[in-house]
Amino acid sequence: MSRIGKLLINIPTKVEVSVSPENIVTVKGPLGTLSREVNKDIVIKIEDGKVHVERPTDEKNHRAMHGLYRALINNMVIGVSEGYTIKQELVGVGYKATNTGQILELALGYSHEIHFQLPDEIKVETVTERRSNPIITLKSIDKELIGKVAAKIRSLRKPEPYKGKGIKFVGEVLRKKAGKAAGVK
């Protein structure tokens, strides 16, 4: 039995979960609505304010989908009730981040500025304080989407291992390499 798949999902107050006959799970909450199509083999039951995910057999394919869909539905419930936030920090001299609406403008040491169009489901906020690194804050109800966008922003200038310059997540610990050793005579 899947350790993740057999766990029940508690439905918080103000959150509604419904399953259509086509096996489409819809979660409505105070922050918005999310829906996802679930494989026809996986059975989803809603009982006593809890969601239960079941699989028909112990085939490898069904075992894999069991834990996957339980985790995805749990992420949807958390997203519409609390939401997700990712903070990224720009480390480097002259690195800047500003936003105008859904367009994130980044100066990352290249010869040009990068204009990054964000999806409408994500809210962005940039903070630049004196004597500290600029911080980009992303907020969304969709964990998968916010993770993809954060990874794409990070890929524009990954942290390098010698000085740590680049875009990193706030609180991320980077393993730094020792630089070139001084010449020994």
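Give the residues of the range 152-174 whose amide nitrogen is closer than 16 Å to a point set 7 Å from the Cα of H112 in the direction of its Cβ.
Label zone hits: 156-157.
Go through (i) 1.16; (ii) 1.34; (iii) 0.94 and flag the label whose value is the computed Cα Rg over 2.2 N^0.38 Å for this structure.
Identified label for the calculated read-out: (ii).
How far is helix 60-81 tilted, in degrees, relative to the longest principal axis of the Cα atoms in the chain, given as a value from 0 to 90 rounded to the nearest 10?
Here the helix axis deviates by roughly 70 degrees.
Multiply the residue separation of L156 and I4 by 0.36 nm, subtract the distance between their alpha-carbon atoms, and state the gained length in nm to one decimal.
Details: separation 152, 0.36 × 152 = 54.72 nm, distance 3.40 nm.
Separation in residues times 0.36 nm, less the Cα-Cα distance, equals 51.3 nm.
Could you give the size of the charge dipole of the range 1-152 about its Cα centre, using +1 on the Cβ of each K and R and -1 on the Cβ of each D and E, expressed in debye and rounded to the nearest 20? Please report the intermediate quantities before stating the final value.
Details: 21 positive and 19 negative charges, 80 e Å.
In debye, rounded to 20, the range 1-152 gives about 380.
With every protein chain kept in place and ligands, DNA and RNA left out, what is the accessible area per residue of the range 103-185? Probe 1.4 Å, answer in Å². Intermediate results must be reported in sequence, preceding the final value.
Details: 5870 Å² over 83 residues.
Ligands and nucleic acids excluded, the figure is 71 Å² per residue.
Translational diffusion coefficient of the range 76-185 at 37 °C, 0.692 mPa s, Stokes-Einstein with Kirkwood Rh over Cα pairs, in µm²/s as a whole number. Mind dumping the intermediate values first?
Numbers: Rh = 15.2 Å.
In µm²/s, the coefficient rounds to 216.
Would you kindly calculate the mean projected area, averaged across all directions, of the convex hull enclosing the Cα atoms of the range 9-78, in square nanometres? Mind dumping the intermediate values first?
Working: hull surface 17.4 nm².
So the Cα hull casts an average projection of 4.4 nm².
Consider a paramagnetic label point 7 Å from the Cα of D48 along Cα→Cβ; state which residues of the range 6-29 have an amide N under 17 Å from it.
Zone members listed by number: 6-13.
Sum up the charges of everything whose Cβ sits under 14 Å from the Cβ of E16, counting Lys and Arg as +1 and Asp and Glu as -1, but leave E16 out.
Its environment carries a net charge of +3.
The values are calculated or read from the model by the stated rules, or taken from the named source; none is laboratory data. This structure is a prediction, so every number in the text was calculated from the model and none was measured. Virtual Cβ from ideal backbone geometry, glycine too; neighbours counted across all protein chains shown. Only protein heavy atoms, including side chains, enter the accessible area calculation; ligands, DNA and RNA are left aside. Shrake-Rupley method; radii C 1.70, N 1.55, O 1.52, S 1.80 Å.
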